[in-house]
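Since the structure comes first, as structure tokens, the remarks are kept for the end.
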């Protein structure tokens, strides 16, 4: 059967948020769901939902049915709020220190999702990988589906946007990323809270402090700096547009033709001269 999916369009702000999430840790995989709509065989991704990891693993990450249901419910709610179609249409996860190619587990997981929606897609962000020749780190992205137990690459286009959308910033993703990472560390810490060994308690608190410092340094601080720089750029662009507007208004005023005097206007002018 022919694949109904022609290509995937990923908004640039969603790409930025996914990459930010993937770069938040190089020790474990991260995962999230992709939100958007499907139009004439084109999957258009306009938001994401960052998921709380149930278990941190280096080689795999899982979505619980409860998380998938919650994301679907949120998408339906925002469909009403934004007055446009929003639904779960894909998932993404990271491959820290390994290639971008989907594993057998990724292919099986993708095949399961496609049973719900044949246009469901998967994105993989390969991060913290080095080129053997130059030793430079690179980030690689692939979009795929599962077909006959094999990964099939889907054409992917990153669509430029003028601003970070409300659904990407507030409703689903960016502002909640540090909060979710802290919550994950809280879940791990709660498993060790009953330990009575003083050295173990000191060690656990030190590990948690280091984790919180890592989140602040790697995620929260760069995110705030990026938003502050974007605010400055937006202010400069606004000032530039205001200057352009004033210039165009002056040119428009100069280009307006002079209205010829009518007979009534001429008589009125002559009367005014006679009175003087």
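A few notes on this one:
- Highest mean packing first, where packing is the average number of other Cβ atoms within 10 Å per residue, the peptides 85-93, 202-210, 107-115 line up as 85-93, 107-115, 202-210.
- Size estimate for the range 75-230 follows the Kirkwood approach: the inverse of mean 1/r over distinct Cα pairs works out to 19.2 Å.
- Additional length obtainable on full extension of the chain from residue 208 to residue 160, 0.36 nm per residue less Cα span: 13.4 nm
- Spherically averaged projected area in nm², based on the convex hull that wraps the Cα atoms of the range 88-148: 4.4
- Distance between modelled label sites at residue 42 and residue 150, nm, 7 Å Cα→Cβ extension: 2.9
- Per-peptide packing, taken as the mean over residues of other Cβ atoms within 10 Å, places 39-48, 24-33 in the sequence 24-33, 39-48 from highest down.
- Bridge type composition, the range 1-153 - antiparallel percent by DSSP, nearest 5: 70
- Computed FRET value (nearest 0.05) for residue 131 with residue 239, which takes r as the C-beta separation and R₀ as 35 Å: 0.25
- Across all directions, the average projected area of the convex hull around the alpha carbons of the range 1-144 is 9.4 nm².
Computed from the coordinates by the stated procedures, all read-outs in this text should not be read as laboratory data. In this text the structure is predicted, and so the values were computed from the model without any measurement. Every residue, glycine among them, receives a Cβ derived from its backbone with ideal geometry; neighbour counts consider all protein chains shown.
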